[in-house]
Structure formats: C-alpha cells, structure tokens
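Presented below is the structure to which this report refers.
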Amino acid sequence: MFPDPEALRRDLLTLAEMESPSSDPVAVARVLDTVEGWACDLGAEVQLLSGGTRRFAFGVDGTRSPLLILAHADTVWPHGTLADMPLRVEGERLYGPGVYDMKAGLVGAIHALRALAGQWPAGGIVLLVTPDEEIGSPSSRAHIEHEAGAARAALVPEPPVGAADTAHAHALKTGRKGVIDAALTLTGQAAHAGNEPERGASAIAAAAGLIPQIEALARPELGTTVLVTQIAGGTASNVVPAGCRLGLDVRVAQAGEDERVMRELAALTPADGRVQAEWALTLNRPPFPRSPETLALFARAQAAAQDLGFKLSETAVGGGSDGNFTAPLCPTLDGLGAPGDGAHAAHEHIRLDLWPERVALLAELLRRV
Ligand SMILES: [Zn+2]
C-alpha cells in the first residue's frame, strides 16, 4: 500500500540533481521533460501549454469533472547552489535545494498516480506542472485558473506546514493569505543641507511620516498584515534627500481586504505637499480562505490518513502558493507534499521516514475524492 521508499528517493535525486531556477526556462524544462517521461509511462496524454506549463491527463473522459493535481518544477535556488548545498542524506533527512519545495511533491504525485495502476477515478485526473510558481506564476496563472474552473477539487503537493516539533507538525494547508506586492517611491527636492535646507523637500522625512500610517492599515483580527520591510533613500549626508523608496510586505486572509488595503495605501499622501508619492500596487495572489468545502475535503484526508495509520492536522498559513489561484474556483487542499523543513533556506530537507505515508495519502485521495 505504501510506495517503495528506495524508488521515491532515487526519483527525487534525479530531479534534485537538475537545478531549475525560475529564471532559466530551459533548465526548468529539463525537469519537466523527466516528469513527462514518467507521466507517459503511466499513459498520460501530454499537452505543452504556453509559457512552458505541461498538462498531463490520465483517464479524462468528460463523464465527470476531473481531479486536479497542481505542482511546480521551478525552485528559488540559482544555478551553482548544489556546489555549496550538495544533496546529502543524514539519518532520515535528505537535504538539498528544492527537495522540500517541491521536487519531493512532484515525485510523490507521480508515485501516487502509479499506485492507482491505471484504475483512474471517474472523470480522470489532470496533473498540471508549472515552471514559474516561485516568481508568482506570471505565465501559468491563466492555465491554473482554467483547469481549476473545470475541476472538482485541487490537490497541491506543496510542503506541509511546520517542523516535526511544532504543534502543527506537517499539517495540511486549508487556507493561505493573499499577497499584495507594494512599493512606494517618494520624490522630493534636493538642496544643500547646510546652506539652504529650506529649499529642499525631504523624501526621507516624508517616508518617516507615512510609515506609521501605512502600518496602521493592518487588521490583525482579520489576518491582514502590513509591514514596511525595506527602505532606501538619499545620496549624500550633506544633501536634502530627493528620493526614497519603501518596500512593503502586505498579506490578507479575507476576500475584500485586498481591495481595502490597496485603496487606502493609494490614498496616503505625504504631509509635505512638495513630495510626490507614487505607489506600485499589484495583487500577487488572492487570499485562499478557509472555506467549508476545503474543510470537508480535509475531513476526507483525515479519514484516509487514519486508515493508513497516521494522524493529520490542518492549519491556515501566511505564505501564498498556486493553491491561492485554485481555491476561489474549486475546493483546494494544499500541503500534500513530503514532510520536512527549511523551504527557501539553507537547511531545506525532507523526512524520508515520513514521506511514503504522505504519498499513500495522496493516492487514497485520488481514489476517494
Ligand atoms: Zn512551492
């Protein structure tokens, strides 16, 4: 019932040895080619979509909406990372760039499909693998939304949440915050800071005045966070600074909050009328609210885990994923990848001992949902 741990490990090493930063489509395509080979062995119908996303259909016959498995082949790690962060096994942990987020999830999806041995559920399964999740999915978002609109549920093998010693050990994700990309450029007037400071209009002073107003737009009780996380400005210590730029981290948990925050940020103006404010605001990913449909899907996963002999918990998280795009369109369960820790960090690893049961769980969900 559980997949072969040796085969899982071998396939993960195959993908992890190919570095695949989002910025290099050719490198990402090499990972996708390997996945395509595995998918074809399982009888997939393959479609190459614009931007490099690949769609693998298993038994999709139009009798019912298919199930969607959504994965990405890119990582945040640049070329050359393997030289400093080589793939290595220590005890039950396999370390390396991109193994946790989310090459193990991709391998797990293939092995879960293999476990069905060609007995596809009614309506079939679509595995969609994208090349650009880590940069906000610019080329794949439309494909993701198209598939989610036609699917009866989306299963996302991104990493589960939390290191093994936390309360939510390896929890599934039943909600994710939406992310707004926000930056403010302030343009004032330069002047000699010693001779005629009154002729200058300080962009830094304007920024300092605005920061408390910006952060006051947070609504912790609604899950909305607004933080100024970057600041840059000025040219020399004896010049009234004409330029200043702020970078923000803005996240929203509830629908509607994205629009409120963007509207209220855009309305903020510097106290010094000579300083111009220009906002760059885009909704990177909409919120993935913790809906009753998703919780019902989680309940089925919990029952399946119990039958397989392990306990499963769920939680909502701050980080976004492509699950944010599917959640408004179909029930979505995220975090179905390999347990581990250290996404986007030097200690990135998966737990080899806890991985096979998660792959078995994904296979059970494909049979039962
Ligand atoms: Zn990911």
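The values are calculated or read from the model by the stated rules, or taken from the named source; none is laboratory data. This structure is a prediction, so every number in the text was calculated from the model and none was measured. All Cβ positions, glycine included, derive from the backbone under ideal geometry; neighbour counts span all protein chains shown. Quick note on the areas: whole protein, heavy atoms, side chains included, nothing else; ligands and nucleic acids left out. Shrake-Rupley method; radii C 1.70, N 1.55, O 1.52, S 1.80 Å.
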Which ones in segment 133-166 are within 15 Å of the ligand (Cβ to nearest atom) and within 28 Å of Arg93 (Cβ to Cβ)?
-> Glu133, Glu134, Ile135, Leu155, Val156, Pro157, Glu158, Pro159, Pro160, Val161
Out of segment 185-207, which residues are of a type in the set (A, V, I, L, M), open to solvent by less than 60 Å² (accessible area, probe 1.4 Å) and either out of contact with any helix residue (DSSP H, G or I) (no Cβ under 7 Å at 6 or more places or on another chain) or part of a helix (DSSP H, G or I) (or both)?
-> Ala190, Ala193, Ala201, Ala203, Ala206, Ala207
Scanning segment 73-102 for residues that are in contact with a strand residue (DSSP E or B) (Cβ under 7 Å, 6 or more places away or on another chain), of a type in the set (A, V, I, L, M, F, W, C) and within 11 Å of the ligand (Cβ to nearest atom) gives Ala73, Met102
Per the list (1) surrounded by 16 or more Cβ atoms within 10 Å (Cβ to Cβ); (2) in contact with a Gly (Cβ under 8 Å, 6 or more places away or on another chain), residue check on Arg219 breaks on (2)
On the given criteria, is Ala148 in contact with a strand residue (DSSP E or B) (Cβ under 6 Å, 6 or more places away or on another chain) and either closer than 19 Å to His344 by Cα or in a helix (DSSP H, G or I) (or both)?
-> yes
Whichever residue in segment 72-103 is small (Gly, Ala, Ser) and out of contact with any Lys or Arg (no Cβ under 9 Å at 6 or more places or on another chain) and, among such residues, is most open to solvent (accessible area, probe 1.4 Å) | Ala83
Show the residue pairs that are 6+ apart or on different chains and have beta-carbon atoms under 6 Å apart, the first residue being within segment 44-58 and closer than 24 Å to Gln119 by Cα, the second being among the charged types (D, E, K, R) and assigned to a strand (DSSP E or B).
-> Gln47/Arg55; Ala57/Glu45
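From the residues in segment 119-132 that are more than 13 Å from the ligand (Cβ to nearest atom), of a type outside the set (A, V, I, L, M) and open to solvent by less than 10 Å² (accessible area, probe 1.4 Å), which one is farthest from Pro339 (Cα to Cα)?
For segment 119-132, the residue satisfying everything is Gly123.
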State yes or no: is Gly162 open to solvent by 10 Å² or more (accessible area, probe 1.4 Å) and at pLDDT below 95?
-> yes
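For segment 340-365, which residues satisfy the criterion of being of a type in the set (Val, Ile, Thr) and closer than 11 Å to Pro5 by Cα? First the steps, then the outcome.
Of segment 340-365, the ones of a type in the set (Val, Ile, Thr) are 350, 359.
Within segment 340-365, just Val359 meets the criteria.
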May I ask you to list the residues in segment 103-118 that are closer than 18 Å to Arg55 by Cβ and within 16 Å of the ligand (Cβ to nearest atom)?
-> Gly105, Leu106, Ala109
The one condition Gly43 fails out of (1) open to solvent by 30 Å² or more (accessible area, probe 1.4 Å); (2) in a strand (DSSP E or B); (3) more than 28 Å from His349 (Cβ to Cβ) is (2)
